[in-house]
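Peer 1: Dropping the structure in here first, questions after.
The values are calculated or read from the model by the stated rules, or taken from the named source; none is laboratory data. Since we're looking at a predicted model, the values are computed, not measured. A quick note on method: Cβ atoms are made from the backbone with ideal geometry, for glycine too, and the neighbour counts reach across all protein chains shown.
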Amino acid sequence: MGSVTRQNQLPVLDFTGETLNPSSTRWLSTREEVVRALEEYGCFIANYDKVSLELHQAIFLASQELFELPTETKVLNTSDSPSHGYIAHRRIPLLEALGIENATTVDGVQRFTNVLWPNGNNHFSETALSYSKLVAELNHVVMRMVAETYGVEKDCESLLGSIYYLLRLIKYRAPREDESNVGLFPHADQTFMSILHQAQVNGLEIMTKNGDWMLIDSLSPSSFIVMAGDVCMAWTNGRIEPPLHRVTIMSGSEQRYSLSLFAFMRDVMVQVPEKLVDDEHPLQYKPFDPFKYLLFCVTEEGQKSKCQIKSYCGV
């Protein structure tokens with residue numbers, strides 16, 4: 001399935017200072033680079049310093065403490081939504097994950113915290129909420145830049161209002177001698193957008209358009225990997241394709257912790273803006289409910305599909 005390129009070739013784009021001001025010239029130049037990167041790779045690395053070094057350290061320390069809880073406590077993290085709660089699979093034994101639904105809201109984070117720590121854990125709640133809100137701001141900026149570049153700002157407004165965020169805290173242990181080094185199988189995200197953050201140990205690999213795997217070296221506290229999901233591909237009428245990505249863990253490495261903030265949507269119908277349909281880009285996707293799409297992905301039909309979003313709502 002292609003060789004692994006041990007070199008980071010993803011565009012690194014600056015999201016500091018004036019870049020975040022929509023009336024600045026740096027905003028205009030960066031938004032062109034954002035769309036170019038998303039059309040070429042489906043993702044890019046954002047240099048984003050709103051998450052301070054102190055908050056970066058605090059959220060990863062909180063994550064380590066979370067995974068030290070007994071398994072019988074962690075399994076209480078349940079959800080009616082697919083893959084939103086506690087995850088631990090026999091097929092991928094290196095991976096363990098917990099999800100905080102509505103992670104940018106006090107209620108969402110508090111609900112999660114009260115389940116895991118019935119006596120309360122204010123430090124965890126405050127850290128997770130602060131982190132989620134700041135990373136969600138980056139997602140909003142990227143979505144606005146995409147919408148402006150394609151001239152579909154009005155179509156984007158209703159989508160922004162329907163987003164809810166899932167913060168997934170992830171731990172990978174190093175493989176034993178007789179185990180595979182697969183931390184996570186190749187897949188595309190079912191989100192609109194995902195923002196990934198690594199610390200201490202690399203492992204994320206992206207498939208390039210020529211079929212090679214590219215190891216993403218992004219351990220800086222200010223480095224965030226912004227990645228398009230299936231819903232973004234449908235909404236942009238195929239202009240932006242989500243990248244296949246996987247995680248491989250090197251034997252003998254220390255435990256790997258990472259964070260993913262997923263932008264999902266609820267109570268909205270996603271449809272391709274009229275402006276994005278023309279002779280060169282005929283309509284590829286019918287209007288669809290992104291939450292029902294999530295449910296489709298865990299059905300037998302969805303699991304067997306080569307491209308789930310095309311199977312679900314492709315024209």
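Peer 1: Would you point out the residue of region 70-83, among those that are closer than 22 Å to residue 262 by Cβ and not charged (D, E, K, R), that is surrounded by the fewest Cβ atoms within 10 Å (Cβ to Cβ)?
Peer 2: 78
Peer 1: Also, I was wondering about something else. Scan 237, 202 and give me the residue that is farther than 24 Å from residue 140 by Cα and either touching a strand residue (DSSP E or B) at 6+ places or on another chain (Cβ under 7 Å) or surrounded by fewer than 23 Cβ atoms within 10 Å (Cβ to Cβ) (or both).
Peer 2: Only one candidate passes the filter, namely 202.
Peer 1: Working only within region 142-165, note down all residues that are of a type in the set (Lys, Arg) and under 20 Å from residue 29 (Cβ atoms).
Peer 2: The answer is 144, and nothing else.
Peer 1: Is it the case that some residue within region 13-30 is modelled with pLDDT of 95 or more and touching a His at 6+ places or on another chain (Cβ under 8 Å)?
Peer 2: no
Peer 1: State all residues of region 101-155 that are over 30 Å from residue 239 (Cα atoms) and assigned to a loop (DSSP other than H, G, I, E, B); if no residue qualifies, say none.
Peer 2: 105, 117, 118, 119, 120, 121
Peer 1: A further question on this structure: Which one of these is free of Cβ contacts under 8 Å to residues at least 24 places away in the same chain, in contact with a helix residue (DSSP H, G or I) (Cβ under 6 Å, 6 or more places away or on another chain), of a type in the set (D, E, K, R) and in a helix (DSSP H, G or I): 18, 33, 72?
Peer 2: 18
Peer 1: Quick check on region 143-175: of everything there that is charged (D, E, K, R) and in contact (Cβ under 8 Å) with a residue 12 or more places away in the chain, which residue is nearest to residue 112 (Cα to Cα)?
Peer 2: In this case the residue turns out to be 168.
Peer 1: Can you pull out every residue in region 269-313 that is within 21 Å of residue 164 (Cα to Cα) and either of a type in the set (Ser, Thr, Tyr) or in contact with a Leu (Cβ under 8 Å, 6 or more places away or on another chain) (or both)?
Peer 2: 270, 272, 293, listed by residue number.
Peer 1: State whether one or more residues within region 47-70 are over 19 Å from the mean Cα position of the chain (by Cα) and over 30 Å from residue 120 (Cβ atoms).
Peer 2: Looking through region 47-70, none of the residues is over 19 Å from the mean Cα position of the chain (by Cα) and over 30 Å from residue 120 (Cβ atoms).
Peer 1: Let me ask something else. From the set of residues in region 179-193 that are under 30 Å from residue 160 (Cβ atoms), part of a strand (DSSP E or B) and of a type in the set (A, V, I, L, M), which is modelled with the highest pLDDT?
Peer 2: By that ranking, first place goes to 193.
Peer 1: Give region 51-60 a look and list any residue that's surrounded by 15 or more Cβ atoms within 10 Å (Cβ to Cβ) and either free of Cβ contacts under 8 Å to residues at least 60 places away in the same chain or over 21 Å from residue 254 (Cα atoms) (or both), or say none.
Peer 2: 51, 55
Peer 1: Could you list, in sequence order, all residues of region 63-100 that are farther than 18 Å from residue 118 by Cβ and of a type in the set (Asp, Glu)?
Peer 2: Listed by number, the residues that qualify are 80, 96.
Table: residues versus (1) among the basic types (Lys, Arg); (2) free of Cβ contacts under 8 Å to residues at least 24 places away in the same chain; (3) surrounded by fewer than 17 Cβ atoms within 10 Å (Cβ to Cβ).
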site: 85; (1), (2), (3): no, yes, no
site: 88; (1), (2), (3): no, yes, yes
site: 94; (1), (2), (3): no, no, no
site: 101; (1), (2), (3): no, no, no
site: 107; (1), (2), (3): no, yes, yes
site: 118; (1), (2), (3): no, yes, yes
site: 127; (1), (2), (3): no, no, no
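Peer 1: Would it be correct to say that residue 152 is more than 24 Å from residue 67 (Cα to Cα) and within 18 Å of the chain's Cα centre (by Cα)?
Peer 2: No; evaluated as a whole, the condition is false for this residue.
Residues are listed down the side, and each one gets a yes or a no for (1) without any contact (Cβ under 8 Å) to a residue 24 or more places away in the chain; (2) buried (at least 18 other Cβ atoms within 10 Å of the Cβ); (3) of a type in the set (Gly, Ala, Ser):
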| position | (1), (2), (3) |
| --- | --- |
| 212 | no, no, no |
| 224 | no, yes, no |
| 242 | no, yes, no |
| 253 | no, no, yes |
| 257 | no, yes, no |
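Peer 1: In addition: Can you name every residue in region 169-189 that is in contact with a Pro (Cβ under 7 Å, 6 or more places away or on another chain) and surrounded by 16 or more Cβ atoms within 10 Å (Cβ to Cβ)?
Peer 2: 188, 189 - these are the residues of region 169-189 that are in contact with a Pro (Cβ under 7 Å, 6 or more places away or on another chain) and surrounded by 16 or more Cβ atoms within 10 Å (Cβ to Cβ).
Peer 1: Within region 157-168, how many residues turn out to be surrounded by 19 or more Cβ atoms within 10 Å (Cβ to Cβ) and part of a helix (DSSP H, G or I)?
Peer 2: Total meeting the criteria: 1.
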